[in-house]
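What follows is a set of notes on a single structure, which appears directly below.
FYI, it's all coordinate maths here, none of it is from the lab. Just so it is clear, the model here is predicted, and its values are computed rather than measured. Neighbour counts are summed over all protein chains in view; Cβ atoms, including those assigned to glycine, are modelled from backbone coordinates with ideal geometry.
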Amino acid sequence: MSLSASLEMAKATHTGMVRSHNEDSIAIDGEIGLAVLADGMGGYNAGEVASGIATALISSETREALVSQSPHQVDTNGSPLATGLLRNIISKANTSIFQSANSQPQYAGMGTTLVVALFCNSQVTLAHIGDSRCYRQRDGKLEQITRDHSLLQEQIDSGLLTKEAAKRSQNKNLVTRALGIEPAVEAEIHTYPAQEGDIYLICSDGLNDMVEDEDIEMTLEALGANLQLAAEQLVQMANDNGGRDNISVVLIKVKKDFPADEGLFAKFFSWFK
Amino acid sequence: MAKLILSLDGQLIKDFTLSKERTTIGRKPHNDIQIDNLAVSGEHAIIMTILNDSFLEDLGSTNGTLVNGQPVKKHFLQSGDTVEIGKYKLKYMNEAPANMSQADFEKTMVLRAPAAAAPKQEVRNPTDTQTNIQAISDTGAAVAPPASAPAVAAKPAAAPVPPVPPAAPPMTPVAAPMGTIQILSGPNAGKELPLAKPLTTLGKPGVQVAVIAKRPHGYFITHVEGANFPVVNGKTLDAQAHQLGDHDIIELAGVKMEFFLKP
């Protein structure tokens, strides 16, 4: 079942004002309700390679997997199949990047952050690694749903730093998890109910380091009716504030609920009830 | 690496590099920074250093610790802070590494935190198969490593914040004239709308909406929604942003308005 009637998606990515090239990579697929964002790191162009492998492999593998599976069904542990599916695919991407990094000296040590959002059955399953984020705008309020895997976030959690003090830290951009730099990685995966009117924002730190949350909220509120313009406006604001890093933005708006099609079997059995 | 410069009455005594995770300050000789003066407690204060950040904590000293004249219990040190203990002053200096060239800024790299700077004590180590087997539960949020745990990977390229590369100066408009909209027709004719926020939307949602973005180099109008595009000085705009000039006339959702700059 195509989700394009229920979900609207827009994306924008920019090198920023300082960097020489864009190591971010994004992919969206409105049909299957998938968005992938990766912020690569590594010398020369290795960062782009890592983030490129991540987005390409995850989108193609997910598309393929969804042909034979319905991600909203639950497994024997009661977690949605989407969780296991994303976990496997992310693990494959990790292996692929790790192996390239170890077989080709110019890619040594490359890695990437990752956010994957898979929409299904009026829910969104979010997987993330590192400090790229997903926010949700609901009823005019912006809320960060992912929590960074970063040194600063850990210091905030332990009470050493306040959120305000963290802005003055010299330890920015230190992530505690990344895709492709170890033989295995664990993605953090959660599933949330999605509501009509929700806008999901997935971004690299080039956005949230340069633009205050309240300005992001205002932009989504003012320009929610024109998602592409909203995405471009966010990138522009980051650049107007200095654009110190690559900036990538994916926006997903829930136009209407998208309950899963129960399938032929379910329909067939419901006849006999 | 951050430094503390100890002085008394303007006389430099010694400087200390904050190379350890814990640097102790006090009167007793076992302290890393010993200040042999009766106004200083035996164990007076401690500085915790995590990579490039340092935190000062008073250890319940008799006479207290001041930072920039204010008494503190715990304080996140910023470069240039002056710590006062008794009559002694400790100036905290933490400049971003000067040897980082422009090229380094632009390249994002993966760095492992050196074992010495941050002892490896991760709770879940991805190379540890045991943890991995356990980790096949639904959430990965369960355990946060202690704050002093090492960063697995570093993206230092954008890390040093203070020296903004010249290519990207923070473009804050300096006392720029404030853009304002005055409504010329319709029931609200005569009303003024200051464009103080970064974005101001105009029009009727669902019918026709345009947005005016306040940017460092001026005000830009862009079509947001509706079949009709805004008209500026008699010309219909396309989907691109259009920079507004002083006294431009905008027509939107049947209403005429004038944009002008208030000095």
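Structure above, values below:
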quantity: Residues of type aspartates and glutamates that residue A:163 reaches as a straight line, Cα spacing below 16 Å, ignoring anything fewer than 8 places off in the same chain; calculated: A:131, A:143, A:148, A:154, A:205, A:209, A:212, A:213, A:214, B:53
quantity: Cα-only Debye scattering, segment B:1-92: base-10 log of I(q)/I(0) at q = 0.19, 0.20 Å⁻¹; calculated: -0.80, -0.89
quantity: In order through segment A:60-68: 3J(HN,Hα) via Karplus (6.51 cos²θ - 1.76 cosθ + 1.60), integer Hz, x for Gly, Pro; calculated: 5, 5, 5, 4, 5, 5, 6, 5, 9
quantity: Computed label-point distance, nm, for sites residue A:163 and residue B:59 using a 7 Å Cα→Cβ extension; calculated: 3.5 nm
quantity: Amide H contacts of residue A:174 (H built 1.01 Å from N, under 5 Å, at least 5 apart or other chain); calculated: A:151, A:152, B:155
quantity: Calculated diffusion of segment A:7-270, Stokes-Einstein form, Kirkwood radius summed over Cα pairs, 4 °C and 1.567 mPa s, µm²/s; calculated: 69 µm²/s
quantity: Built amide H within the under 5 Å cut-off of residue A:124, gap 5+; calculated: A:192, A:194
quantity: Extension gain from residue A:102 to residue A:147, taking 0.36 nm per residue of separation minus the Cα-Cα distance; calculated: 13.3 nm
quantity: Cross-link partners of residue B:89 among aspartates and glutamates (Cα-Cα below 13 Å; sequence separation of 8 or more within a chain); calculated: B:9, B:15, B:81
quantity: Ranked packing of A:46-52, A:133-139, A:150-156, most packed first, by mean Cβ within 10 Å; calculated: A:46-52, A:150-156, A:133-139
quantity: Two-site FRET efficiency, residue B:70 against residue B:217, from Cβ-Cβ distance with R₀ of 45 Å, rounded to 0.05; calculated: 0.70
quantity: Relative contact order computed over segment A:7-270 (Cα-Cα under 8 Å; 6+ residues apart), in percent; calculated: 27 percent
quantity: Footprinting exposure proxy for A:131, A:240, B:32 (fewest neighbouring C-beta atoms within 10 Å first); calculated: B:32, A:240, A:131
quantity: Above-threshold pairs, the threshold being 30 Å between Cα atoms, out of A:253/B:197; A:167/B:73; A:172/B:87; A:253/B:214; A:256/B:235; A:256/B:256; calculated: A:172/B:87; A:256/B:235; A:256/B:256
quantity: Neighbour-count order for A:14, A:149, A:21, B:30, fewest beta carbons within 10 angstrom listed first; calculated: B:30, A:21, A:14, A:149
quantity: Amide hydrogen neighbours beyond the local backbone of residue B:224, cut-off 5 Å, H modeled; calculated: B:209, B:210, B:211
quantity: For A:247, A:145, order by how many other beta-carbon atoms lie within 10 Å, fewest first; calculated: A:145, A:247
quantity: Candidate lysines - alpha carbon under 16 Å from residue B:91, same-chain residues fewer than 8 apart omitted; calculated: B:3, B:14
quantity: Estimated FRET transfer efficiency (residue B:262, residue B:79; beta-carbon r; R0 45 Å; 0.05); calculated: 0.70
